[in-house]
Each structure stands twice: as C-alpha cells, then as structure tokens.
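**Student:** Take this structure, written in structure tokens, and hold onto it; I'll ask about it next.
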Amino acid sequence: MGKTKHTIADEIVEGLTEFVSALKAGNNLGKQFTCRKVVLDLRPESYTPEKVKATRQALCVSQPLFAKFLGVSVKTVRHWEQGLSEPNKMACRFMDEIRRDPTHYLERLKEATHSKKNPTDVIA
C-alpha cells in the first residue's frame, strides 16, 4: 500500500504528543527540542528637558496635544520640559518609540485628529 499523507495538523499533534511524553519522563527539553529564548532590550533612555521638547517638536505638536497623546497632563509635560520633574519609565519608552519612528506617530496623530466645527458653520 501507499504511504499515508500526513497533514500539518497530524504533525502538530505528533509533536505535541512527543513533547508531553518528554515532560512526563522528566527529559531535558533543551536537548530534545529546539528551544529559543527571545531577549528584548527595551530599557528606556533618560529624557532631559531638551530631549522631551525635541520629541514633542518631532511630532509638530503643542504641549497640550503632546500631553493628550502620551496620556499625561499638560502640567506634567511642562514640568518635564522645564526640568522640574522627569518622565517615568513608561513615558520614556513611549517617547523612545516616537523618536524611533516619528513618521508612524505623525500618521497616527493625523488619524486621531479632527477639528471641532464651529456651531455657526452650516453644512450645505
């Protein structure tokens, strides 16, 4: 007779069955299976007042819009830019990402922005 055709699902089930057996037997999984360890180096940079301001200016936005975008108060952004306080690690990570790809965040800001209509404007 001919060979039975194995589907991807069959291969997955076979691999998982082998993995469960190895776990139950107490085998060294690192030697029996291909294991990968992913390490992310996402330590936030430090932000000086000048660097905070430069990040905001890269997006061409005011302090109030930048604050809204970061999810902090205008007072907080003002304090960062005046050197009265420092951004927390989460804000630094977000600013790291903005600095890494400002074009993406400019587009994101454009998507999120809409101007308020003047109540006296009439739509024809």
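The values are calculated or read from the model by the stated rules, or taken from the named source; none is laboratory data. From a predicted model like this one, the values you see are computed outputs, not experimental measurements. Don't worry about glycine lacking a Cβ; one is built from the backbone with ideal geometry, like all the others, and counts go over all protein chains shown. For accessibility, only protein heavy atoms count, side chains too; no ligands or nucleic acids. Shrake-Rupley method; radii C 1.70, N 1.55, O 1.52, S 1.80 Å.
**Student:** Scan the stretch 4-52 residue by residue and report those that are of a type in the set (A, V, I, L, M, F, W, C) and under 30 Å from MET95 (Cβ atoms).
**Tutor:** Correct list: VAL38, VAL39, LEU40, LEU42, VAL52.
**Student:** Of the conditions (1) modelled with pLDDT under 90; (2) open to solvent by 70 Å² or more (accessible area, probe 1.4 Å); (3) in a helix (DSSP H, G or I), VAL13 fails just one. Which one is it?
**Tutor:** (1)
**Student:** Search the stretch 28-56 for residues that are more than 25 Å from GLY15 (Cα to Cα) and pair each with any residue that is open to solvent by 50 Å² or more (accessible area, probe 1.4 Å) and basic (Lys, Arg) when their beta-carbon atoms are under 7 Å apart and the residues are at least 6 apart or on different chains.
**Tutor:** LEU42/ARG93; PRO44/LYS89; PRO44/ARG93; THR55/ARG99
**Student:** While we're here: With the requirement that a residue be surrounded by fewer than 11 Cβ atoms within 10 Å (Cβ to Cβ), modelled with pLDDT of 90 or more and of a type outside the set (Val, Ile, Thr), what does the stretch 1-10 give you? Even if it seems obvious, please write down each step before you answer.
**Tutor:** Of the residues in the stretch 1-10, the ones surrounded by fewer than 11 Cβ atoms within 10 Å (Cβ to Cβ) are 1-9.
From the residues that got through so far, the ones that are modelled with pLDDT of 90 or more too are 7-9.
ALA9 - this is the single residue of the stretch 1-10 that is surrounded by fewer than 11 Cβ atoms within 10 Å (Cβ to Cβ), modelled with pLDDT of 90 or more and of a type outside the set (Val, Ile, Thr).
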